[in-house]
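K.L.:
Structure below; questions to follow.
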Amino acid sequence: MGSAVAPVIALERGADKPLHRQIYEGFRRAILEHQVRPLQQVPSTRALAADLGISRIPILEAYSQLLAEGFLESRVGAGTFVCAQLPMQLVPSRRGNAPRATAQSARPVSRTSQNLKIKLEPWMYGRGAFAMTQVAVEQFPTDTWARLVARHTRNVTPQSLNFSDPRGTPGLRRAIADYLHTARAVNCDADQVMIVSGSQEAVDIAARVLLDPGCSVWLEEPGYNLARHALTLAGCNLVPVPVDQDGLDVAVGIQLCPTARAAYVTPSHQFPLGSTMSASRRIQLLNWAQSSGAWIIEDDYDSEYRYSGTPVASLQGLDVNSRVIYVGTFSKTLFPSLRVGYLVIPADLLDRFIAVRLSMSIYPPHLTQAVLTDFIDQGHFSRHIRRTRLLYSERRARLKECLEKEFGSALPVLDGESGMNLVVTLPEEVRDRDLARHAAGRGLWLWPLSPYYIGRSRGGFILGFGSVDANDMPAAVRRMSQVLSGSLLAR
């Protein structure tokens, strides 16, 4: 055991950080960096105070914290020492220099997580033309929403501060059930509705309830990649089924994998291509699910925004055998950061869905549900949908007009009749991801089409028009033309 020694601690008396914290951090750093050794004695508080020229109080506070955290230990009659149980050194971090543990390592990462390859690309979080995830937030009635938030904040009740039903508040579930029955022809009551944080959590919960690792699931090709990621994490074998102008090709799906456990579909507005599943395909899909004992996860993506005729009724409304789990969200109809979605669950599966929900996040937050309930019940939601449907119809028409004027036939447009995006396709030799990265560097958010394929991909861009004013559309398309000029227009 050596003599008492203190590490070099440079105190800054005028600093914002208090003296006791500076002393504590100086000792902790010296111990972790092995400048002092286990069992080495440290100076008494009197001796250290004299050396540093300060009172004992900051040193007493620092020593007390170091003792509490196990860096120091006190021995009656002997003094204070660096703890004997500390390892000789910390294993150094190798972030950026060495790979994380693999399946061959002592502590393997799960194989399902290894199958996920998600890269945060620059176009994902841009705002403006043509960001796919953006909506017309300037049209949202923020004053109305703020008034409702203030009212519920002022009138806090014991019930609102306590645990609640894992499915969500009865009021919001009833409001959603009424809306879905009227607007989407969904057959359900409030008991079958479960509030979640969005479509992603909805698919995750459904996968945990319905699917086992290794089972096969049909996915639209191309299709929603975040649903693909959720099913991959569930350990599913993904079966890409092609999509055409009538939606998912059920006959091809049966040829590829007739015994699939489930199908994930976006029948009212196929994402990303925009087609609507025909009545014939819907009946084929429901018949296949019933005959094979499979499930259908219907993501009713952007169904409210249809610009030709009336909105197409839900697939769930045709289901007479309770094989459909219906998924919806307010991310596009209201605003993305709201993070509220919902599931409509067959009555005989409710107990299992509730059990999974309780194991994940117990229940959704009360305040947002209370505000949203009033927003729907007082008619603000339906008025907002009507107003934004007209707005998006104008923006969509303007974008089509500008694309045709600027590019002609050089950039074909896949024209769906619903949703908040258009798709343009590129020649096979043009790499859409590279162009999207180049465009992002110029403040233009072109979402590449190819990442939404599992197999052989098709190049193109998914152009969101929700956040682009119709008057700004010509300039945005001209900037897009400048980005593409070297690879497309020079052909």
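For every residue, the table says whether it meets (1) surrounded by fewer than 19 Cβ atoms within 10 Å (Cβ to Cβ); (2) of a type outside the set (Lys, Arg).
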| site | (1), (2) |
| --- | --- |
| Gln139 | yes, yes |
| Ala150 | yes, yes |
| Leu161 | yes, yes |
| Ser164 | yes, yes |
| Arg167 | no, no |
| Ala185 | yes, yes |
| Glu201 | no, yes |
| Ala207 | no, yes |
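K.L.:
Kindly list, by first and then second residue, each pair from a residue in the range 45-57 that is assigned to a helix (DSSP H, G or I) to a residue that is surrounded by fewer than 12 Cβ atoms within 10 Å (Cβ to Cβ) and not polar (S, T, N, Q), limited to pairs with Cβ atoms under 7 Å and residues at least 6 apart or on different chains.
P.N.:
Arg56/Arg46
K.L.:
State which residue is farthest from Ser44 (Cα to Cα) when the search covers only the range 9-24 and only residues that are over 41 Å from the mean Cα position of the chain (by Cα) and buried (at least 19 other Cβ atoms within 10 Å of the Cβ).
P.N.:
Leu19
K.L.:
Determine which single condition Gly328 fails, assuming it passes every other condition in (1) at positive phi; (2) within 24 Å of the chain's Cα centre (by Cα).
P.N.:
(1)
K.L.:
Among the residues in the range 73-87, are any in a loop (DSSP other than H, G, I, E, B), free of Cβ contacts under 8 Å to residues at least 40 places away in the same chain and among the acidic types (Asp, Glu)?
P.N.:
Checking the range 73-87: not a single residue is in a loop (DSSP other than H, G, I, E, B), free of Cβ contacts under 8 Å to residues at least 40 places away in the same chain and among the acidic types (Asp, Glu).
K.L.:
Kindly indicate whether Val250 is at pLDDT 95 or above, under 21 Å from the mean Cα position of the chain (by Cα), closer than 23 Å to Arg184 by Cβ and not hydroxyl-bearing (Ser, Thr, Tyr).
P.N.:
In short, no.
K.L.:
So, in the range 383-393, how many residues would count as being under 25 Å from Gln245 (Cβ atoms) and charged (D, E, K, R)?
P.N.:
Summing the residues that are under 25 Å from Gln245 (Cβ atoms) and charged (D, E, K, R) in the range 383-393 gives 1.
K.L.:
Given the options Asp319, Asp212, name the one that is of a type in the set (D, E, K, R) and surrounded by fewer than 16 Cβ atoms within 10 Å (Cβ to Cβ).
P.N.:
It is Asp212.
K.L.:
Do you know which residues across the range 25-39 are in contact (Cβ under 8 Å) with a residue 24 or more places away in the chain, surrounded by fewer than 17 Cβ atoms within 10 Å (Cβ to Cβ) and not basic (Lys, Arg)?
P.N.:
Of everything in the range 25-39, those that are in contact (Cβ under 8 Å) with a residue 24 or more places away in the chain, surrounded by fewer than 17 Cβ atoms within 10 Å (Cβ to Cβ) and not basic (Lys, Arg) turn out to be Leu32, His34, Gln35, Pro38, Leu39.
K.L.:
Hey, another quick one. Output the number of the condition that Val135 fails; it satisfies all remaining conditions of (1) crowded, with 17+ Cβ neighbours inside 10 Å; (2) assigned by TED's automatic domain parsing to the domain that holds Ala262; (3) under 25 Å from the mean Cα position of the chain (by Cα).
P.N.:
Against the list (1) crowded, with 17+ Cβ neighbours inside 10 Å; (2) assigned by TED's automatic domain parsing to the domain that holds Ala262; (3) under 25 Å from the mean Cα position of the chain (by Cα), Val135 comes up short only on (2).
The values are calculated or read from the model by the stated rules, or taken from the named source; none is laboratory data. As the structure is a computational prediction, the values presented were derived from the model and not from experiment. Because the Cβ atoms are built from the backbone with ideal geometry, glycine has one as well, and the counts that use them run over all protein chains shown.
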